[in-house]
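Following: one structure in structure tokens, then a few remarks.
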Amino acid sequence: METANITELLDAHARGDAKALDRLMPLIYEELHRMAERRLMGERPDHTLSPTELVHEAYLKLIKFDRIHWQNSRHFFAIASRVMRNILVDYAVKQKSEKRGGKQQRVPLGNSESSVETEISDILSIHHALQRLSKFDDRLVQVVECRFFGGLTIDETAQALGISTPTVNRDWNLARAWLNRELNENRTSEGV
């Protein structure tokens, strides 16, 4: 992946060069697709949103951000993780409204050796918990977006956010512990 070219093309697009997007897509598509595949691995088997569809929806949203000053390709992929989160949340809202109270599913909060699968009714529980967490620590939310919604590794998350690998490890462990506690408390209070 040519990170310098990605940043240059993002800047060119922001300056109004519509053809920059044609040159950008081949450079970012593979990485976006890999992020989507890793993220959707944790979804239920009958999930109808494919990695390709997630990439296409994310790309269509990302190209609308024509007024963003992209710092570099890491910044772009961090924002792509957030966009994928929003797409998956929108998808979950739509599915929930169509099914009204479907079966509970297992959603993994991580893909490392210390990952924990948490029973929740849907991805919306994590989204709501992240909204509460953002009031205390936005960086923890960014780490979860990169890892859980973007499917990035610890090293890729560190690069995307411009922080060290040990900091990502620490933040990831703290965020997972907080989210698991929060999700368990909500299940208990709802009588699930």
Inspect region 34-49 for any residue being without any contact (Cβ under 8 Å) to a residue 24 or more places away in the chain, under 24 Å from Gly162 (Cα atoms), surrounded by 14 or more Cβ atoms within 10 Å (Cβ to Cβ) and touching a helix residue (DSSP H, G or I) at 6+ places or on another chain (Cβ under 8 Å) and give the result as yes or no.
no
For Ala175, are the conditions met, namely being aliphatic (A, V, I, L, M) and closer than 18 Å to Ile79 by Cα?
no
Where residues in region 126-162 are among the polar types (S, T, N, Q) and outside any loop (DSSP other than H, G, I, E, B), which of them is farthest from Asn72 (Cα to Cα)?
Gln131
If you take the residues in region 129-152 that are closer than 18 Å to Glu37 by Cβ and in contact (Cβ under 8 Å) with a residue 40 or more places away in the chain, which one is surrounded by the fewest Cβ atoms within 10 Å (Cβ to Cβ)?
Gly151
Residues of region 161-183 satisfying the condition of being among the charged types (D, E, K, R) and either within 20 Å of Arg82 (Cα to Cα) or free of Cβ contacts under 8 Å to residues at least 24 places away in the same chain (or both):
Arg170, Asp171, Arg176, Arg181
Within region 59-84, the residues that are in contact (Cβ under 8 Å) with a residue 24 or more places away in the chain, among the aliphatic types (A, V, I, L, M), closer than 21 Å to Asp22 by Cβ and buried (at least 19 other Cβ atoms within 10 Å of the Cβ) are Ala80, Val83
The conditions are (1) over 27 Å from Leu54 (Cα atoms); (2) without any contact (Cβ under 8 Å) to a residue 12 or more places away in the chain, and Asn186 fails exactly one of them. Which is it?
(2)
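Computed from the coordinates by the stated procedures, all read-outs in this text should not be read as laboratory data. Since this is a predicted model, take the numbers as computed values, not measurements. As a convention, Cβ positions derive from the backbone with ideal geometry for all residues, glycine included, and neighbour counts pool all protein chains shown.
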